[in-house]
1. Among the residues of segment 16-41, what is the count of those that are touching a residue at least 40 places away in the same chain (Cβ under 8 Å), under 22 Å from residue 117 (Cα atoms) and loosely packed, with under 11 Cβ neighbours inside 10 Å?
2. Can residue 120 be described as surrounded by 13 or more Cβ atoms within 10 Å (Cβ to Cβ), closer than 25 Å to residue 68 by Cβ, in the same structural domain as residue 66 (by TED's automatic domain parsing) and at pLDDT below 95?
3. Given the options 57, 10, name the one that is on the phi < 0 side of the Ramachandran plot and either in contact with a helix residue (DSSP H, G or I) (Cβ under 9 Å, 6 or more places away or on another chain) or not in a loop (DSSP other than H, G, I, E, B) (or both).
4. Do you know which residues across segment 77-93 are free of Cβ contacts under 8 Å to residues at least 12 places away in the same chain and either assigned to a helix (DSSP H, G or I) or at negative phi (or both)?
5. Which residues, counting only those in segment 127-140, are surrounded by 10 or more Cβ atoms within 10 Å (Cβ to Cβ) and in a loop (DSSP other than H, G, I, E, B)?
6. Any chance you could count how many residues in segment 145-160 are touching a helix residue (DSSP H, G or I) at 6+ places or on another chain (Cβ under 6 Å) and either within 17 Å of residue 121 (Cα to Cα) or exposed (fewer than 12 other Cβ atoms within 10 Å of the Cβ) (or both)?
7. Residue 168 fails exactly one of the following numbered conditions: (1) closer than 26 Å to residue 33 by Cα; (2) in a loop (DSSP other than H, G, I, E, B). What is the number of that condition?
């Protein structure tokens, strides 16, 4: 959820490398996410439902995971104030979960529900979903890890601290 830019009233983003105009030329997160009274969720009910859907997919298959997945999407959209008819239309447009698409669909919707949550980075590295591509003008490949802080490198030097952003951590096998 974003606010339209103050200058044009339109939803406007900026490409990396473009010359920055004034701040009021661009869209920013809405008050739901960035307002003075915005909540800072650690774990939401819809996130728990997506985790349950993923676990059910692994253990029992796509058909068993589908009602949990749909409940997670519905819960998140209701939290945002989407009307029930629009939720049903959206879910119908996404189709049913199958063995071939279930993990991707679950992770895509979880990523939407976890907007601005750092867990999305771990989920992407763990599953490869949602599918991401390098943005135009990016100066490196997709980052795969966070680097150790300089204070840690200075006081506790270890060989793995020489890693770069694009190195994979031990469990990142995608």
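The values are calculated or read from the model by the stated rules, or taken from the named source; none is laboratory data. None of these values were measured; they are calculated from a predicted model. Don't worry about glycine lacking a Cβ; one is built from the backbone with ideal geometry, like all the others, and counts go over all protein chains shown.
1. Looking only at that region, the number is 1.
2. yes
3. One residue alone meets the criteria, 57.
4. 78, 82, 83, 84, 85, 86, 88, 89, 92, 93
5. The answer is 128, 129, 130, 132, 134, 135, 138.
6. Here the count works out to 1.
7. (1)
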